[in-house]
Amino acid sequence: MVGVLFLCLGNICRSPAAEGVFKGLVARDGKMSAYDIDSCGTGGGASNWYKPNGFSYHEGDSADSRMKKEAKKRGYTLSSKSRPLTPEDLRRFDHIICMDSNNVRAVHEAATFWAPSTLRSPRPRSPS
């Protein structure tokens, strides 16, 4: 199974949309059992989101209503709830697709905090 995680700032717009579209495309091809697909955020702007007792804006929220409306027009469903990236995500997913370069930096910062002596891979790549 291939793990694919989409990641943006608050996990209420871009990453849930990417997750929904990817799930729709994979389902259309009949390959859902080959993938573990999810999305998450980097705290929505909270600077301590990855630290113990940190705070994540939007955690537990559904995707933005405007994004859900636009996705629905195109035949996609956005059903996930916002959540922050976790250390487990770094182990679980083969691919972490960041929506912008700020997200890449935030993932690297969190990963370095969580496991400074074990982080050996290059920073995740951003589509930009």
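The values are calculated or read from the model by the stated rules, or taken from the named source; none is laboratory data. What you see is a predicted model; the values in this text were computed from it and never measured. Using ideal geometry, Cβ is built from the backbone for each residue, glycine included, and neighbour counts are taken over all protein chains shown.
The residue pairs whose first member lies in segment 41-61 and is over 16 Å from Ser15 (Cβ atoms) and in contact (Cβ under 8 Å) with a residue 12 or more places away in the chain, whose second member is among the charged types (D, E, K, R) and surrounded by 19 or more Cβ atoms within 10 Å (Cβ to Cβ), and whose beta carbons are closer than 9 Å, counting only pairs six or more residues apart or on different chains, do not exist in this structure. Is at least one residue of segment 95-114 at pLDDT below 95, in a loop (DSSP other than H, G, I, E, B) and within 27 Å of Met1 (Cα to Cα)? No.
Which residue is farthest from Tyr76 (Cα to Cα), if the candidates are limited to segment 11-56 and must be among the charged types (D, E, K, R) and surrounded by 13 or more Cβ atoms within 10 Å (Cβ to Cβ)?
If we filter segment 11-56 for residues that are among the charged types (D, E, K, R), which is where we start, we get 14, 19, 23, 28-29, 31, 36, 38, 51.
Add one more test, that the residue is surrounded by 13 or more Cβ atoms within 10 Å (Cβ to Cβ), and what stays is 14, 19, 23, 36, 38, 51.
Details: Arg14: 13, Glu19: 10, Lys23: 9, Asp36: 18, Asp38: 15, Lys51: 34 Å.
Checking each candidate, the answer is Lys51.
How many residues, within segment 13-47, are part of a loop (DSSP other than H, G, I, E, B) and at pLDDT 95 or above?
5
Going through (1) outside any loop (DSSP other than H, G, I, E, B); (2) touching a Gly at 6+ places or on another chain (Cβ under 7 Å) one by one, Gly10 falls short only on (1). Give segment 63-77 a look and list any residue that's hydroxyl-bearing (Ser, Thr, Tyr) and within 10 Å of Gly20 (Cβ to Cβ), or say none. Passing the criteria: Tyr76, Thr77. Based on what the data block shows, is Asn53 outside any helix (DSSP H, G or I) and more than 13 Å from Asp89 (Cβ to Cβ)? Criteria met by Asn53.
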